1. At what distance in nm do the modelled label points of residue 406 and residue 34 sit from each other, each positioned 7 Å from its Cα along Cα→Cβ?
2. With unit charges on the beta carbons (Lys and Arg positive, Asp and Glu negative) and the dipole taken about the Cα centre of region 115-226, which residue among 217, 180, 190 sits farthest to the positive side?
3. What list of ³J(HN,Hα) values in whole Hz, one per residue of region 101-108 in order, does the Karplus curve 6.51 cos²θ - 1.76 cosθ + 1.60 (θ = phi - 60°) give from phi, with Gly and Pro shown as x?
4. Between 0 and 90 degrees, rounded to the nearest ten: what's the tilt of helix 173-183 against the longest Cα principal axis of the chain?
5. Where does the Debye-calculated log10 I(q)/I(0) of region 235-378 sit at q = 0.08, 0.10, 0.12, 0.17 Å⁻¹, using only Cα point scatterers of equal weight, no solvent?
6. Of the options 368, 339, 328, report the single residue whose Cα projects farthest towards the positive end of the charge dipole of region 276-433 (beta-carbon charges: Lys, Arg +1; Asp, Glu -1).
7. Of the cross-linked pairs 162/199; 71/114; 342/406, which ones have a Cα-Cα span greater than 18 Å in the structure shown?
8. Calculated FRET efficiency, residue 112 and residue 285, Cβ-Cβ r, R0 51 Å, to nearest 0.05?
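Computed from the coordinates by the stated procedures, all read-outs in this text should not be read as laboratory data. Computed from a predicted structure; not experimentally measured. Neighbour counts run over all protein chains shown; Cβ positions are idealised from the backbone, glycine included.
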Amino acid sequence: MKIAVIGTGYVGLVSGTCFAETGNTVTCVDIDQSKIDRLCKGEITIYEPGLEKMFLKNLRDGRLKFTTDLKQGIAGAQIVFLALPTPPGEDGSADLKYVLGVANELGKIMDDYKVIVDKSTVPVGTAEKVRAAIGQYAKMEFDVVSNPEFLREGVAVEDFMKPDRVVIGTSSDRAKKRMADLYAPFVRQGNPVIFMDEKSAELTKYAANSFLATKISFMNEIAQLCERLGADVDMVRRGIGSDDRIGKRFLFPGIGYGGSCFPKDVQALIKSSEEVNYDFQILKSVERVNEIQKTHLIPKIKAHFGNDLNGKHFALWGLAFKPNTDDIREAPALYVIESLLKSGATISAYDPEAINNVKGQMGDIIQYSINPYEALKGADALIIATEWSEFRTPDFDQIERYLKNKVIFDGRNLFSISEIKVLGFEYYSVGRN
Ligand SMILES: NC(=O)c1ccc[n+]([C@@H]2O[C@H](COP(=O)([O-])OP(=O)(O)OC[C@H]3O[C@@H](n4cnc5c(N)ncnc54)[C@H](O)[C@@H]3O)[C@@H](O)[C@H]2O)c1
């Protein structure tokens, strides 16, 4: 099939590459000229495990193309995916200016029947708005489908190639058939393609992310209780996770959820609810708990250093909002940095993939290290903000050698309390005493 993907970020580039991998010819379109130039030259623009190899193969084989020209990009395409940003507007609702802006253009330039697919996370009713925007100008027939994306950054290629489920919202049989054909190679093991109406598909994505965010905030509150009651959140997590109705995943407490999706999607669903006079109380609490949790380590750090961080220097391991990505959008590490700097401390940070993005956003207000141990030199303590695998079994001898004090503040509960105490470290984590 011939496919166009509009927006070549985390979702667009992964989707485009994976569709090319199953034999489709894919043109990815973006307004960012420098991004498209780099991609055309075979330079990958995001870090995502397994993506570069697949991208290079499909680029070389001519199944994957890149352009900034929307008209050229969609020419002959049977399906056009919109993988555009939907950032929070000033009031927290999803800003649809990118999606509707492109939809307006599409109407003017479509050359034959096309299925236009919302892959961006969009509020209920957006498919209708996209249909209206295209319909103002379109001379051709078209259908609009909602096909929310559930990939997780860090395992995006695996998720896309073998999705747990594919959700397709459409009332058109013609579009349904086209979408089913496109996704058939991805669900050969029998994972479901779930067809539904557009509105339900749109809400499914928000419900999924909001539910996962709720699980995290719930466990973070249990962790708060554990600290106050002398219980161990790791034990509680294992105790409840073995119940199938609860499940083992997404029960890890920490310093809050971040990333480009959960914070904005929780906010947008609260806003959408308000618009229909519904007060989504649970979600408001989920958001509030997360706000507090992002700086959960700060009072512990302050208390340890006698409430005076002025002139203190910290090593910070982990900047990305989660491991295996270079994405720093809403990363808890950034809130830790902001808070420490405000208190007069300085920071040397290390992250395997995200340093360039942080440099681009924050510049030189902190120092950056080329490996985790260099960041420790002369630091008063180590702070861990992201659970990269390489931090899980570090060389504690080196940590001891380089740190001024044997103190670790661990926002991701990487180490066993008993083992780290035997090594003589003062160790602060989340929900464990
Ligand atoms: N990142 C994720 O893990 C994830 C997962 C599921 C769903 N989503 C949703 O998918 C959507 C895209 O997310 P993302 O993380 O890929 O965003 P992103 O910011 O990484 O990428 C968006 C891209 O769209 C481009 N763009 C903006 N305006 C354009 C225009 N008029 N024409 C062409 N390109 C344009 C930008 O230059 C950018 O490259 C969002 O709605 C997001 O909520 C994201």
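1. Result: 4.7 nm between the two label points.
2. Positive-most Cα among the choices belongs to 180.
3. x, 5, 4, 4, 5, 4, x, 7
4. Tilt relative to the chain: about 50 degrees.
5. -0.29, -0.45, -0.63, -1.06
6. 339
7. Numbers: 162/199 25 Å; 71/114 13 Å; 342/406 24 Å.
Going by Cα-Cα distance, 162/199; 342/406 fall outside the 18 Å limit.
8. Details: r = 49 Å, r/R0 = 0.96.
After rounding, the FRET efficiency stands at 0.55.
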